[in-house]
1. With a cut-off of 8 Å between alpha carbons and a minimum separation of six or more residues, what is the relative contact order of region 10-125 in percent?
2. Order these peptides, 22-34, 112-124, by their mean beta-carbon neighbour count within 10 angstrom, highest first.
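Read the figures in this text as sums done on the coordinates, not as results from a lab. Quick caveat, the model's predicted, so the values are computed rather than measured. Cβ: placed from backbone, ideal geometry, glycine included. Neighbour counts: every protein chain shown.
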Amino acid sequence: MRNDIPLITLGDFAQKYLDFFERTAAEDREMYRFLDDMAFPDECCSLGFKMDCGQSFIRTCGEDAWRSVDGLQRIIDSINDKKLLGSAIFSQWRYFNHWAGSGLKEEDREWFIVMFRRLKQLSESN
């Protein structure tokens, strides 16, 4: 397979993980498996997303949208950059995968849902 061909389309990626987060509770064992799953970063990289510790998202959208689902919900409809969303999702995954030291809380799960919903909407608007 060539490196420039995505393993998954953007719409399929967004729908796959939106479905996962909507059906999986934050404390569910499946959530821990997701955080350890190396398929996720491979999919992110194949779609051109960058793991930048959220810096591009924070510069563009602010710290409040990065740290809280309430802050994110206030601005989510103004975000139209698919790469920015995907890179933020990738960076949050990496934070919980590597640095957080604990699993996701319900608010963290909701943050991912808001992000995947918007990414799905944007993938449909080509």
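1. Numbers: 126 pairs, mean separation 49.0, N = 116.
The value is 42 percent.
2. Details: 22-34: 13.4, 112-124: 18.8.
Result, highest mean Cβ count within 10 Å first: 112-124, 22-34.
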